[in-house]
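To start, the structure itself, in structure tokens.
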Amino acid sequence: MVEAARVRGRLPPILFLPLSAGAQEVLPTDRTDPGHLRPPFRAYEPPPPGYQPRPRRTESRRVYALPQGLNGLATFDRTLSQLCRRGAFLQEIDGLYWAATPDFRYGVAFSGGANLVDPQNRRQPGKVYFFRNQDSRCSVWVGDQAKLMPHYIGG
């Protein structure tokens, strides 16, 4: 009979029962002693007396305004880009410092170590590093800090 109904395009009325027949029942929720939810030990240890945490600056800051882009100011570096893709040369905080161009927003790191993770010590003095897509597509441009100074707007 089910096959005959399926052939004609109709299903028997038994299959149209609601699937949540027991959903009308609401189970009562009894409150228990809230003390049983406390951890058995103290998970947080307070800092030692006299400890003053060093405030960390994490807000994003624009440090360069480059109306003509990176043309003539920075050159693409294939080696550093490959290292960046592997996580061996990158910004400590992606986009902490950034440069504004008409086309893109580049992350910036400085050769003095500001916002730069460089475990292989590939940085060179007096250079500024521009990062784009700090992931598997990472590209790094290198520019001379002295040449970029007229475009510096940091503070």
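Values for this structure:
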read-out	value
Verdict on Asn133 being more than 13 Å from Ala88 (Cα to Cα), free of Cβ contacts under 8 Å to residues at least 12 places away in the same chain, of a type outside the set (Ser, Thr, Tyr) and surrounded by fewer than 18 Cβ atoms within 10 Å (Cβ to Cβ)	yes
Test: Tyr106 is among the aromatic types (Phe, Trp, Tyr), in contact with a helix residue (DSSP H, G or I) (Cβ under 8 Å, 6 or more places away or on another chain) and modelled with pLDDT of 90 or more	no
Residue count, segment 119-133 (criterion: under 19 Å from the mean Cα position of the chain (by Cα) and in a loop (DSSP other than H, G, I, E, B))	1
Top-ranked residue in segment 52-100 [being surrounded by fewer than 20 Cβ atoms within 10 Å (Cβ to Cβ) and β-branched (Val, Ile, Thr); ranked as farthest from Gln145 (Cα to Cα)]	Thr58
Odd one out for Ala114, checked against (1) in contact with a helix residue (DSSP H, G or I) (Cβ under 9 Å, 6 or more places away or on another chain); (2) surrounded by 11 or more Cβ atoms within 10 Å (Cβ to Cβ); (3) of a type in the set (Gly, Ala, Ser)	(1)
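The values are calculated or read from the model by the stated rules, or taken from the named source; none is laboratory data. Since we're looking at a predicted model, the values are computed, not measured. Ideal geometry is used to build each Cβ from the backbone, glycine not excepted, and the neighbour counts take in all protein chains shown.
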